[in-house]
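Colleague: Provided herewith is a single structure, encoded as structure tokens, for subsequent inquiry.
The values are calculated or read from the model by the stated rules, or taken from the named source; none is laboratory data. Please read all numbers here as calculations on a predicted model, not as lab measurements. We place every Cβ from the backbone using ideal geometry, glycine too, and count neighbours over all the protein chains shown.
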Amino acid sequence: MTIEQIRVYRFPLPAQTTYNMSSSTVSLPQSTIVELIDTSGLKGYGEACLATSEAQSASNDSVLAAMSFLAPAIIGLDPTNFSNVTDAMDTFNHVLPEAKAALDVACWDLTGKKTNKSVVELLGGTLSDAVITYHVIGITSPEDAAEDAMRLQELGITRIQLKAGGRSIEEDIACIHAVASVLLEETSLDVDTNRGWTIAEALKVSEACSSISMSMEQPCATEEELRHLKPLIYHPLIIDESATDAATISKLIDDEIADGFGMKITRVGGLTPMKTIRDLCVEKSIPMSSDDAWGGDIIAAAGVALAATMPRNLNRGAWLAHPYHQVHYDLVNGPRVQNGQVPLPKGGPGLGLLIADGFFGKPEAIYE
Ligand SMILES: [Mg+2]
């Protein structure tokens, strides 16, 4: 069984509610879908959705352009041999990890279908049938943020990520205090700035919120700034946008800079590198999340699959974009939040999704 054809689709994912982070708003995201077809006619799906310029640096056009190099390089390869596929893609050094990730995820889905196993099993087996998730409260007023936090907790959400940055830090501080004042004991709070503060601002926030139990996620833009900041703050430091690959992550752990990671599948190049990073985090007892900055059922299922293989105490959860979407690829099996958890998709082997033939319309490109 080898990869015979690769179809690449441009697929709009219109939002039904706006999502505000730091200094950008997500309204009309577009996803790049890849469909790998093997010599026996089985199909595997992958996805990369570039929708949040604060959290992602590539664009959908650049992902589509990268496919013109990457897709031909893996035609004829065995999709079950992940390291072979990775090596073939890595010969293009400067090609986007987001494009590699879409193809890598499709190989995992296809391998699951070929071997009649779920991607969860392929990644090492499930430790839970439902994965913990977290919910995001976007940039808004302290009153609205607190109201949102109460509503989410009533729905069973026990992990809240509050967005910050892109406005005066006095407003950020007021918002953090307002949300903290309504939190139940079992709810954890993570303040995610998506690179939005200077070192001085992050320090001021940590001081003003020193009595609040919370973590600070990617408060500043660069790894250098985070290294400078870490010994000066009162709160655990979660690294997201600067956690770009296994070598960087390993060093951030060894240097005691990171207390946890926000991991995005497309930023690191797919499930194959995510598995390496998961193993590293589990070995060192460092918590991580497993999801993506945006995207539909395919990337959501991939995030949930990896998260299901993590010990609960090290799992920071899998966030899903589906509540913001008008369109879903698999209405029955697509991962959905239920009582603060995400049950694993049950639509069959691979990622557990059943996607109707022709769902994504006319391919933007076909490689064979
Ligand atoms: Mg983040």
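Colleague: Mind telling me which of the residues Leu280, Leu232, Leu271 ends up being more than 18 Å from the chain's Cα centre (by Cα) and of a type outside the set (D, E, K, R)?
Modeller: Exactly one residue qualifies, and that residue is Leu232.
Colleague: Right, here's the next one. Of all residues in segment 205-224, count the ones that are more than 16 Å from the ligand (Cβ to nearest atom) and more than 14 Å from Ala180 (Cα to Cα).
Modeller: The number of residues fulfilling the criteria is 2.
Colleague: Okay, moving on. If you scan segment 44-93, which residues turn out to be in a helix (DSSP H, G or I) and among the polar types (S, T, N, Q)?
Modeller: Matches in segment 44-93: Asn60, Ser62, Ser68, Ser83, Asn84, Thr86.
Colleague: For a quick check of your reading of the model, give me the residue pairs whose first member lies in segment 168-185 and is of a type in the set (S, T, N, Q), whose second is surrounded by 15 or more Cβ atoms within 10 Å (Cβ to Cβ), with beta-carbon atoms closer than 8 Å and at least 6 apart or on different chains.
Modeller: From residues that are of a type in the set (S, T, N, Q), the pairs are Ser181/Ala146.
Colleague: With small (Gly, Ala, Ser) and either touching a Gly at 6+ places or on another chain (Cβ under 6 Å) or within 16 Å of the ligand (Cβ to nearest atom) (or both) as the only criterion, which of Ala202, Ala180 stands out?
Modeller: Ala202
Colleague: A follow-up question, please. Would you please list the contacts, defined by Cβ atoms under 7 Å and residues six or more apart or on different chains, that run from a residue in segment 273-298 that is farther than 19 Å from Pro97 by Cβ to a residue that is within 16 Å of the ligand (Cβ to nearest atom) and basic (Lys, Arg)?
Modeller: These pairs meet every condition: Pro287/Arg316.
Colleague: Output the number of the condition that Ser118 fails; it satisfies all remaining conditions of (1) surrounded by fewer than 18 Cβ atoms within 10 Å (Cβ to Cβ); (2) touching a residue at least 12 places away in the same chain (Cβ under 8 Å).
Modeller: The number of the failed condition is (1).
Colleague: Further question on the same structure: For Ile139, state whether it is within 16 Å of the ligand (Cβ to nearest atom), crowded, with 19+ Cβ neighbours inside 10 Å and either at pLDDT below 95 or not assigned by TED's automatic domain parsing to the domain that holds Met216 (or both).
Modeller: yes
Colleague: Since Ser188 meets every condition but one in (1) at pLDDT 95 or above; (2) over 19 Å from Ala258 (Cα atoms), which condition does it not meet?
Modeller: (2)
Colleague: What's the number of the condition Thr91 fails, among (1) without any contact (Cβ under 8 Å) to a residue 40 or more places away in the chain; (2) in contact with a Ser or Thr (Cβ under 7 Å, 6 or more places away or on another chain)?
Modeller: Going through (1) without any contact (Cβ under 8 Å) to a residue 40 or more places away in the chain; (2) in contact with a Ser or Thr (Cβ under 7 Å, 6 or more places away or on another chain) one by one, Thr91 breaks only (2).
Colleague: Next question, about the same structure. Kindly list the number of the only condition in (1) farther than 20 Å from Asp279 by Cβ; (2) without any contact (Cβ under 8 Å) to a residue 12 or more places away in the chain that fails for Ser62.
Modeller: Of the numbered conditions (1) farther than 20 Å from Asp279 by Cβ; (2) without any contact (Cβ under 8 Å) to a residue 12 or more places away in the chain, the odd one out for Ser62 is (2).
Colleague: State which residue pairs qualify: first residue closer than 26 Å to Thr133 by Cβ and of a type in the set (D, E, K, R) and inside segment 251-264, second residue away from the ligand (no atom under 13 Å from the Cβ) and assigned to a loop (DSSP other than H, G, I, E, B) in any location, beta carbons under 7 Å apart, and separation of 6 or more residues or different chains.
Modeller: What qualifies is Asp259/Pro236.
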